[in-house]
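Each remark here refers to the structure printed beneath this line.
All of the numbers you see were taken from the coordinates with simple rules; none came from a lab. Bear in mind that the values here come from a model prediction, so they are computed numbers and not experimental data. Counting neighbours? That spans all protein chains shown, and the Cβs are built from the backbone with ideal geometry, glycine included.
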Ligand SMILES: [Zn+2]
């Protein structure tokens, strides 16, 4: 028998009416240098590209000061992005802290922060053709850091079966291929993603994570300045535009293009320092 929830106290409305405060005001957050942001949009000269096939992932490398661009080609497609310090796989993108600092979705001027103890910007978003989207009437927005990545474990939990082309598995295979690590070891380095082009939010009534068809069209792109030397991996999600379902082969899927450019910000780019906490933890 379901338990009856406790009835609200007499002052429930007064308690609910307390105004929220922002957890992490960003006034003191090191902001990207506007001159560097501008330089990252000038003089782009392509150095490399990789086409990520549908329901697969590929790795790419970007040096500090270079720009990498993810472009929708052929049709609407969501991408799941992992980033590592090219010199140390344990230093990787920290989706949760990026969300705490910048909000549920990121766009131009926001930064992708790394895990502890470095906690520094790994990349800065310098252009986003979907910046106009903002927040829609459902509370949805684009490029989220709230989802994790579709994975075969959750799929098995909810639906049973063995599906091998979830972003988690795609990223695992791509990292194993790039580094030569055994599959099981590569898997441990795969982490929560930036959901590029994905349109998501939380329902207002139940607080559940929702997705809706991405507004991305071929030609739309998002550009990142690499703040440190990066190893990246991008999966073209089996959910396609993520308008219906993922973790299956039913959604129409398209490739994603990753291009790496030299730009006016590249020569002599200075990586941001690692975090200043002394790591003594009070001992
Ligand atoms: Zn996915």
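Name the residue that is farthest from the ligand (Cβ to nearest atom), counting only residues in the stretch 229-242 that are assigned to a loop (DSSP other than H, G, I, E, B) and touching a strand residue (DSSP E or B) at 6+ places or on another chain (Cβ under 6 Å).
Let us first name the residues in the stretch 229-242 that are assigned to a loop (DSSP other than H, G, I, E, B), namely 229, 237-242.
From the residues that got through so far, the ones that are touching a strand residue (DSSP E or B) at 6+ places or on another chain (Cβ under 6 Å) too are 237, 242.
Details: 237: 3, 242: 8 Å.
Per the criteria, the residue is 242.
Among the residues of the stretch 59-80, those that are assigned to a strand (DSSP E or B) and either within 16 Å of the ligand (Cβ to nearest atom) or surrounded by 24 or more Cβ atoms within 10 Å (Cβ to Cβ) (or both) comprise 62, 67, 68, 70, 72, 79, 80.
Screening residue 99 against (1) crowded, with 17+ Cβ neighbours inside 10 Å; (2) in contact with a strand residue (DSSP E or B) (Cβ under 7 Å, 6 or more places away or on another chain); (3) not in a loop (DSSP other than H, G, I, E, B) leaves a single unmet condition, (2). When we screen 195, 156 for residues that are surrounded by 24 or more Cβ atoms within 10 Å (Cβ to Cβ) and out of contact with any helix residue (DSSP H, G or I) (no Cβ under 7 Å at 6 or more places or on another chain), the only hit is 195.
Any idea which residue in the stretch 244-257 is surrounded by the most Cβ atoms within 10 Å (Cβ to Cβ), counting only those that are under 18 Å from the mean Cα position of the chain (by Cα) and either away from the ligand (no atom under 16 Å from the Cβ) or part of a loop (DSSP other than H, G, I, E, B) (or both)?
That would be 246.
In the stretch 210-222, the condition of being more than 17 Å from the chain's Cα centre (by Cα), touching a residue at least 12 places away in the same chain (Cβ under 8 Å), within 13 Å of the ligand (Cβ to nearest atom) and assigned to a loop (DSSP other than H, G, I, E, B) is met by no residue.
Remark: pairs (first residue in the stretch 157-174, touching a residue at least 12 places away in the same chain (Cβ under 8 Å) and within 10 Å of residue 187 (Cα to Cα); second residue in a helix (DSSP H, G or I) and away from the ligand (no atom under 14 Å from the Cβ); Cβ separation under 6 Å; 6+ apart in sequence or on different chains) = 172/186; 172/187.
Please verify whether the stretch 44-52 includes one or more residues that are in contact (Cβ under 8 Å) with a residue 60 or more places away in the chain, more than 12 Å from residue 174 (Cα to Cα), away from the ligand (no atom under 16 Å from the Cβ) and not in a strand (DSSP E or B). Steps first, please.
Initially, the stretch 44-52 is screened for residues in contact (Cβ under 8 Å) with a residue 60 or more places away in the chain, giving 44-52.
Checking which are more than 12 Å from residue 174 (Cα to Cα) leaves us with 44-51.
Of the ones still in play, those that are also away from the ligand (no atom under 16 Å from the Cβ) are 44-51.
Now drop any that are not not in a strand (DSSP E or B), which leaves 44.
Yes - at least one qualifying residue is present in the stretch 44-52.
Here's a check for you: in the stretch 106-124, which residue that is touching a helix residue (DSSP H, G or I) at 6+ places or on another chain (Cβ under 9 Å) and surrounded by 21 or more Cβ atoms within 10 Å (Cβ to Cβ) is nearest to residue 33 (Cα to Cα)? Break it down into steps so the answer makes sense when it comes.
Quick first cut of the stretch 106-124, residues touching a helix residue (DSSP H, G or I) at 6+ places or on another chain (Cβ under 9 Å) only: 106-116, 119, 124.
Next, only the ones that are surrounded by 21 or more Cβ atoms within 10 Å (Cβ to Cβ) stay: 106, 110-114, 124.
Working: 106: 17, 110: 12, 111: 12, 112: 15, 113: 16, 114: 19, 124: 10 Å.
Step by step, filter the stretch 106-124, then rank; the result is 124.
Look at residue 124 and say whether it is more than 17 Å from residue 191 (Cβ to Cβ) and in a loop (DSSP other than H, G, I, E, B). Answer is no for this residue.
Answer with yes or no whether residue 182 is in contact (Cβ under 8 Å) with a residue 40 or more places away in the chain, more than 14 Å from the chain's Cα centre (by Cα) and surrounded by fewer than 19 Cβ atoms within 10 Å (Cβ to Cβ).
On the way: in contact (Cβ under 8 Å) with a residue 40 or more places away in the chain: no; more than 14 Å from the chain's Cα centre (by Cα): yes; surrounded by fewer than 19 Cβ atoms within 10 Å (Cβ to Cβ): yes.
So residue 182 fails the test.
The requirement of being away from the ligand (no atom under 16 Å from the Cβ), surrounded by fewer than 21 Cβ atoms within 10 Å (Cβ to Cβ) and touching a residue at least 40 places away in the same chain (Cβ under 8 Å) is not satisfied by residue 276. No other residue among 226, 236, 265 is touching a residue at least 24 places away in the same chain (Cβ under 8 Å), surrounded by 24 or more Cβ atoms within 10 Å (Cβ to Cβ) and in contact with a helix residue (DSSP H, G or I) (Cβ under 7 Å, 6 or more places away or on another chain) apart from 265.
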